[in-house]
Amino acid sequence: MEQRLSLVTLGVEDLGRARKFYESLGWRALAGPEGVVFFQLPGLVFALWSRAALAEDAGLADAAPSKASGGGAPEARPNATIALAHNVRERGEVAAVLAEAREAGAAILKDAADTFWGGHSGYFADPDGHVWKLRGTRTGPSTTTGRRARAADGRARLLGLAARFGKKGETRMIGYVTLGTNDLKRAAKFYDALLGEIGGKRMMESEKFIAWDRGDGAAGLGVTLPFDGKAATVGNGVMAALMVDAPEKVDRVYKKAIALGGKDEGPAGPRGDSGFYAGYFRDLDGNKLNVFCMTAAT
């Protein structure tokens with residue numbers, strides 16, 4: 001289990017009252033489904049949910065866990081006051097981390113299972129009764145459930161981006177850039193490998209669209225089959241730029257693009273004396289990109 005926290009959920013008696021309290025503190029709720037309220041915090045999400053619903057979801061409605069439910073019984077009885085969530089990358093990791101927690105002495109509250117929203121989750125309680133939820137969304141690029149889960153995960157990230165940078169005077173000029181493709185499978189393979197060089201991972205996916213980001217609030221990149229059903233074409237003068245933090249990373253990503261079959265549009269190197277260092281290339285559909293960084297001006 002990696003050392004990180006994805007989401008904190010408070011179980012509340014009156015959701016409307018709780019939301020009003022936190023909004024009175026100046027917090028801004030994200031747009032979301034009825035029955036739950038999300039607030040984007042730096043690096044994680046804070047949620048308010050009915051205590052009864054949280055208890056049911058965690059398998060706490062009837063009884064405290066026991067050794068029969070898997071794992072040791074905690075010293076304190078778990079309750080639905082608060083739940084800590086740890087997101088994993090693939091659905092299979094939920095069961096694996098539950099097993100790891102059981103081995104460490106946790107009580108399994110709810111075994112890994114599919115959820116109504118298209119994900120996969122399970123719950124455990126630590127020896128002091130604190131409740132943890134394990135949540136996996138990615139189920140594989142070819143499954144409908146996987147696409148829906150990644151779409152939900154991506155929407156959550158975009159909502160978080162809007163909440164984080166949506167205040168007056170703090171708006172990001174570009175949220176994401178979309179490039180057209182006539183072969184989504186081929187484009188996905190190209191960008192999975194290329195963007196993986198700079199920490200990019202798929203954050204949203206449907207049958208006609210895939211988007212990547214680094215999970216750091218920066219702009220994302222997507223590829224899509226054109227919405228109008230016509231062939232994707234390349235715009236003359238249109239370019240997407242990938243930003244990194246060092247010239248050696250520019251060199252690496254540029255070389256990776258060429259190795260993947262991209263077309264050279266200008267080798268990596270300094271441009272002028274402003275400290276701008278970049279390499280230019282076209283993807284397999286002919287879309288033009290560069291990868292760049294800023295160095296000390298000469």
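Bear in mind that the values in this text are calculations on the coordinates, not laboratory data. Computed from a predicted structure; not experimentally measured. Cβ: placed from backbone, ideal geometry, glycine included. Neighbour counts: every protein chain shown.
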Sequence-distant residues sharing a close amide H with Leu179 (under 5 Å, placed H): Gly222, Val223, Thr224
Gain upon complete extension [Arg186, Asp245; 0.36 nm per residue less C-alpha separation]: 18.4 nm
The range 234-298, dipole about Cα centre (Lys/Arg Cβ +1, Asp/Glu Cβ -1), debye to the nearest 20: 100
Förster radius 51 Å - calculated FRET efficiency between Met294 and Ser24 (Cβ-Cβ, nearest 0.05): 0.75
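Sorted from largest to smallest, which semi-axis lengths in Å does the alpha carbon gyration tensor of the range 179-271 give for its equivalent ellipsoid, taking the root of 5 times each eigenvalue?
On the way: eigenvalues 104, 54, 29 Å².
For the range 179-271, the semi-axes come out at 23, 16, 12 Å.
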Distance between modelled label sites at Asp114 and Thr233, nm, 7 Å Cα→Cβ extension: 4.3
Coarse-grained scattering of the range 234-298 at q = 0.24 Å⁻¹, given as base-10 log I(q)/I(0) from a Debye sum over alpha-carbon atoms: -0.95
Dipole-positive endmost among Ala278, Ala257, Pro267 within the range 230-297 (Cβ charges, Cα centre): Ala257
Pairwise centroid distance, computed over Cα atoms, of the range 1-30 with the range 235-277, Å: 42
Sorted by Cβ density within 10 Å, fewest first, the residues Glu100, Glu205: Glu100, Glu205
Peptides ranked, highest mean first, by Cβ atoms within 10 Å: ranges 243-249, 289-295, 255-261, 277-283: 277-283, 289-295, 255-261, 243-249
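Out of all DSSP beta bridges with both ends in the range 234-298, state the antiparallel percent to the nearest 5. Let's see the in-between values first.
Working: 13 of 17 bridges.
The answer is about 75 percent antiparallel.
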Estimated FRET transfer efficiency when R0 is 45 angstrom, pair Ser274-Lys201 (beta carbons, to 0.05): 0.90
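Taking 21 Å as the cut-off for C-alpha to C-alpha distance, list the pairs among Lys185/Lys288; Lys249/Lys288; Lys133/Lys208; Lys208/Lys263; Lys189/Lys263; Lys110/Lys133 that go past it. Don't jump to the answer; show the numbers that get you there.
On the way: Lys185/Lys288 19 Å; Lys249/Lys288 19 Å; Lys133/Lys208 32 Å; Lys208/Lys263 24 Å; Lys189/Lys263 16 Å; Lys110/Lys133 9 Å.
In this structure, Lys133/Lys208; Lys208/Lys263 lie more than 21 Å apart at Cα.
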